[in-house]
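Asks: After the structure tokens below, expect a handful of questions from me.
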Amino acid sequence: MKNNYPFVADVPVSSAVEFKCLDSDTITRTVQAVTQLTSGNIFIINNEILNTSNSHDLCKDCLLENETQKDSAVNDKILRNICHLFSDFLSQIPVNRRLEYSVSYDFNVVDQSGKTILYHHKITPLSLNPDGKIEMSLCNASVSLSKSPGNIIISSKLSDIVWKFCKENNKWQAQDKIKLTTRETDIVRFYLQGYTIEEIAAKLFITGATVKWHRRKLFEKLNVKNITEAISCLVLNSLL
């Protein structure tokens, strides 16, 4: 599974701040192109407007199209709160490393038919203002693979640590990033391609029992019960 935004962490802070100099048509076409190449919906958040606008303004630029007007104010509040949490976290990170980080979370949306759908947002900074605060950010919105809302996580592809937000004490808790062995990665990828256990065993020149052993170890590592939950966990945490 590819990283949706491999270029973000590689952009120097000075260049990223100059991103706002691009004309709006170019930015729009870029976002549309990225949307075509990825799953979900891609949109840009103007964090400076987010910090000063009311709910009505945010609803036009920063929310999913299939949110109802009734619930948009609730999700405006969620978006604003997440961005504030993220900004506070980044204030403790050196300025030249802030563009390396992303925040993700899950939230409920009520669609036009009245059904509640769990959505997933992953937000990564595009540019910083002269004070080192987020100016613009990019969000990938998609249907969540989690079972419940929340799950606020900050990560960096250059760090072996992830930070999960604990609502009980309003603190970030550092955890080691899950790492797959080469064999586990191979087995999951073959599962994604639709191969059976025996077919996977043949491709890897091992026995079916060995495939099952690696699969069981993977389930224990991810704290899941089956391969479907394992794949969901791996996708959510960008581990494939």
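The values are calculated or read from the model by the stated rules, or taken from the named source; none is laboratory data. Note that this is a predicted model, so its numbers are computed, not measured. Cβ coordinates were reconstructed from backbone atoms using ideal geometry, including for glycine residues, and neighbour counts include every protein chain displayed. Areas reflect the complete protein model, heavy atoms only, side chains present, ligands, DNA and RNA absent. Shrake-Rupley method; radii C 1.70, N 1.55, O 1.52, S 1.80 Å.
Asks: Under 8 Å by Cβ, and 6 or more places apart or on different chains, what pairs join a residue from the stretch 123-148 that is over 10 Å from L99 (Cα atoms) with one that is assigned to a strand (DSSP E or B) and of a type in the set (F, W, Y)?
Replies: Correct list of pairs: L138/F43; C139/F43; A141/F43; A141/Y119; S142/Y119; V143/Y119; S144/Y119.
Asks: Of E184, E199, which residue is at pLDDT 90 or above, in contact with a His (Cβ under 7 Å, 6 or more places away or on another chain) and not aliphatic (A, V, I, L, M)?
Replies: E184
Asks: Look at the stretch 223-240 and say how many of its residues are farther than 11 Å from V188 by Cβ, buried (at least 16 other Cβ atoms within 10 Å of the Cβ) and either modelled with pLDDT of 85 or more or acidic (D, E) (or both).
Replies: Final tally of qualifying residues: 1.
Asks: Of all residues in the stretch 102-120, how many are surrounded by fewer than 19 Cβ atoms within 10 Å (Cβ to Cβ) and either in contact with a Ser or Thr (Cβ under 6 Å, 6 or more places away or on another chain) or of a type in the set (A, V, I, L, M) (or both)?
Replies: 4
Asks: Among (1) surrounded by 15 or more Cβ atoms within 10 Å (Cβ to Cβ); (2) closer than 23 Å to I231 by Cβ, which single condition is L79 missing?
Replies: (2)
Asks: Further question on the same structure: Does the stretch 211-222 hold any residues that are open to solvent by less than 40 Å² (accessible area, probe 1.4 Å) and under 23 Å from the mean Cα position of the chain (by Cα), and which are they?
Replies: The answer is L218, F219, L222.
Asks: Residue by residue through the stretch 156-178, note down the ones that are open to solvent by 80 Å² or more (accessible area, probe 1.4 Å) and free of Cβ contacts under 8 Å to residues at least 24 places away in the same chain.
Replies: Selection gives D160, K167, E168, N170, K171, Q173, D176.
Asks: Can you confirm whether the stretch 180-194 contains a residue that is of a type in the set (F, W, Y) and either touching an Asp or Glu at 6+ places or on another chain (Cβ under 9 Å) or in contact (Cβ under 8 Å) with a residue 12 or more places away in the chain (or both)?
Replies: Filtering the stretch 180-194 down to residues of a type in the set (F, W, Y) leaves 190-191.
Subset that is either touching an Asp or Glu at 6+ places or on another chain (Cβ under 9 Å) or in contact (Cβ under 8 Å) with a residue 12 or more places away in the chain (or both): 190-191.
Yes, the stretch 180-194 contains a residue that is of a type in the set (F, W, Y) and either touching an Asp or Glu at 6+ places or on another chain (Cβ under 9 Å) or in contact (Cβ under 8 Å) with a residue 12 or more places away in the chain (or both).
Asks: Being of a type outside the set (A, V, I, L, M), open to solvent by less than 30 Å² (accessible area, probe 1.4 Å) and in contact with a Leu (Cβ under 9 Å, 6 or more places away or on another chain) is the filter here, so list the residues in the stretch 121-145 that pass it.
Replies: H121, T124, P125, S127, G132, E135, S137, C139, S144
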